[in-house]
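What follows is a single structure, written as structure tokens, with notes after it.
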Amino acid sequence: MFRASASRLVSSRAYSTGTAAVNGFTGAIGNTPLIYLRSLSEQVGAQIFGKAEFQNPGGSVKDRAALGVVRDAEEKGLLKPGGTVVEGTAGNTGIGLAHVCRAKGYKCVIYMPNTQSQEKIDLLCMLGADVRPVAAVAYDNPVNYNHQARDYAKATANAVWTDQFDNVANAYAHYVSTGPEIWDQMHGRVDGFVCATGTGGTLAGTGRYLLEQSGGKTQIWLADPPGSVLTSYIQSGGKLNERAGSSITEGIGQGRVTKNLGTFIEHVSGAMTIPDEKSIEMVYRVLDQEGIYLGASSALNVVAAVALAKKLGTGSRIVTILCDGAYRYQSRLFSKAWLKTKGLEGAIPEHLKKYAVL
Ligand code: PMP
């Protein structure tokens, strides 16, 4: 029965059939496939789907937010032709913004913590962004990368700080694109939606749309990496702890409730923390069993989707986000030496170790 109902959602066509041509880079953002994760679903007796956000033209879920905040600034008259977009970002938002800015003719200035990989800095430079690595200090420090981005924009003519964490145009982009796409692709039945948060835009915007469409029936769960405060915040009913611990995942985990998440957090059904051991194992398992090459935040989301499927029971239909591919992290995730430095060598099952070729 479960197999029959899953197959109704899954197209029998060999390739995704796009419709009309799209208008430039920004027109290619969104409309990503929803992938039925067959072997994982069969193992848990549920239906687990991953939204293939790595198929966005800039390679991640953050292309949607980047376009959303730029459009918002244009509509409000804050960003005019030839203007400058300024953002504080450790990665994917910056890459999305750099693409969108090139495509629309804006300058792009990115403040980022100086702990980020050279690959990301190089890519941003190649996309024409003005990259400014700054000391990696906490949010409450006035020289935190976000505050520097804000101050630079304030002091520069025709420049806008897009403020991805607290500008709700970010969540709105998911409310008008990711949510409706998932609802349509699932033919109007989603029992559970779960994903990790950085800014919270994906969870809040997608979650709100699914909750509205399902009349409150879809459970929306938050998944956290170690070192994030959100799981304990939600489980304790609003107690904000100090950040403690760290994770190999990038782009997710938070020390505060951002405005994007804050608009929605009261509707979140529950939260779970996923240990790095499980996330890294899932990077390898999804590659081995499904043939999909995922970054660690996506793998964390898949672990959380499996856990939510078990919670919601046999036949439940769960959706999560496949945020980006492993390409931006492969020198780490597929390196035996790096895994060893993180104490994660033992997390990879023997039969999957063959994939750690670097
Ligand atoms: N995964 C990755 C790899 C990311 O870069 C981000 C964004 N920082 C997220 C997940 C989380 O998305 P959001 O900011 O919408 O919460």
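Remarks
- Residue in the range 48-55 that is at pLDDT below 95, within 14 Å of the ligand (Cβ to nearest atom) and either surrounded by fewer than 24 Cβ atoms within 10 Å (Cβ to Cβ) or assigned by the TED database to the domain that holds Val134 (or both) present: no
- Top-ranked residue of the range 222-256 - restricted to ones that are under 24 Å from Met282 (Cα atoms) and among the hydrophobic types (A, V, I, L, M, F, W, C), ranked as farthest from the ligand (Cβ to nearest atom): Ala244
- Helices (runs of 4 or more DSSP H) lying entirely in the range 6-112 (those with 2 or more residues that are of a type in the set (A, V, I, L, M)): 38-44, 62-75, 92-104
- Restricted to helices (runs of 4 or more DSSP H) entirely inside the range 115-231, those with at least 3 residues that are in contact with a strand residue (DSSP E or B) (Cβ under 9 Å, 6 or more places away or on another chain) are 118-126, 145-155, 178-185, 201-213.
- All positions within the range 195-212 that are of a type in the set (Gly, Ala, Ser) and more than 10 Å from the ligand (Cβ to nearest atom): Gly207
- Residue satisfying all of: in the range 281-339; charged (D, E, K, R) and over 21 Å from Gly198 (Cβ atoms); surrounded by the fewest Cβ atoms within 10 Å (Cβ to Cβ) among these: Lys336
Okay, residues lined up against (1) on the phi > 0 side of the Ramachandran plot; (2) away from the ligand (no atom under 16 Å from the Cβ); (3) touching a Ser or Thr at 6+ places or on another chain (Cβ under 8 Å):
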residue: Ser214; (1), (2), (3): no, yes, no
residue: Thr258; (1), (2), (3): no, no, yes
residue: Ile265; (1), (2), (3): no, no, no
residue: Met282; (1), (2), (3): no, no, no
residue: Val306; (1), (2), (3): no, yes, no
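The values are calculated or read from the model by the stated rules, or taken from the named source; none is laboratory data. Fair warning: this is a prediction, and the values are worked out from it, not measured in the lab. Cβ sites come from the backbone with ideal geometry, for glycine too, and all protein chains shown count toward neighbours.
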